[in-house]
Amino acid sequence: MPVSWKEVVLGCIVFGAAAGGALLVEANVPHERSGQILEGSHLPSDVRATFERSCQDCHSNNTYWPIYSSLPVVSKLIHDDVDKGRKTMNFSNWQDYSRGKKVGYLALIQNSLHTRVMPPAKYTALHFNAKLTAEQLDAIEKWTGQEMRRIIHEK
């Protein structure tokens, strides 16, 4: 019995929905969970929430991969960005960094925010809630300064 074009279209729709659903489930699973970011720092809950929303996808092992991260060309770009972010500074490894490295990273955070390099525009274009408000920038600025002083003066 010949297959009608309606059956072919319906089959494609069903297959596409099933494949898309599988990708959605896969894409929303974290890459690897490594616990809280910036462990060992004296991080206020509001600043932690900002880092989790705006920074941890690229700068920790707590990356949530969006559905489009499994598309062939896009996948390479996103994975390269995450690898670069983790190599630059990985909040999941914070407790392993020396005091000097932590102070340097805190200064890097401040500089990146002052120059508006972070979070990058290509990230906030797709993650609207990752854009930082003036209040969030002020809170991070305050925390990084306090944390630098605490680390420098701890024995």
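Rule-based calculations on the coordinates, nothing more; no lab input. Just so you know, these numbers come straight off a predicted model, no measurement behind them. Heads up, the Cβs are rebuilt from the backbone with ideal geometry, glycines too, and the neighbour counts pull from every protein chain shown.
Numerical summary
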| item | result |
| --- | --- |
| Cleavage-rule hits (GluC sites (Glu not before Pro)) in the range 93-155: DSSP loop, at most 10 neighbouring Cβ within 10 angstrom | 154 |
| DSSP-assigned coil residues among chymotrypsin sites (Phe, Trp or Tyr not before Pro) in the range 74-144, each with at most 13 further Cβ atoms within 10 Å | none |
